[in-house]
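This report concerns only the one structure given below.
The values are calculated or read from the model by the stated rules, or taken from the named source; none is laboratory data. Please read these numbers as outputs of a predicted model, since none were measured by experiment. Cβ atoms come from the backbone with ideal geometry, glycine included; neighbour counts cover every protein chain shown.
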Amino acid sequence: SRLLSDGRAELAAGKIHLRLAEPEKAIPQLAAAVRLLVQPEGSLTKSGEEGRFFLALALHRTGKNPEAKAVLNLILQVQPDNERALNLLNKIQDGS
């Protein structure tokens, strides 16, 4: 669908900004990707999980750790064993 395609494009653009060490530019694109990719009932597609993870990473890299933790907890509500989310959450809680 078009929404899925648009969501994947926003996700790709956000990831590029992260690679370029521009997390502040990545946040709006990743937030848009999440809005487009996460199912209404809250279930996560692979792209939706990826969007949420990279949004949390961008938030963490801009010092917005409470917001990053909230996004990570959303992932873990649906996927309690998600290693990437658990690892980043532990890193944030350890103050890294």
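Structure summary
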quantity: Among residues of region 44-96, those that are at positive phi and at pLDDT below 95, counted; calculated: 1
quantity: Flag for PRO23 being over 18 Å from ILE75 (Cα atoms) and touching a Lys or Arg at 6+ places or on another chain (Cβ under 6 Å); calculated: yes
quantity: Tally of residues being of a type outside the set (Gly, Ala, Ser) and either touching a His at 6+ places or on another chain (Cβ under 6 Å) or over 21 Å from ASP6 (Cβ atoms) (or both) across region 23-56; calculated: 3
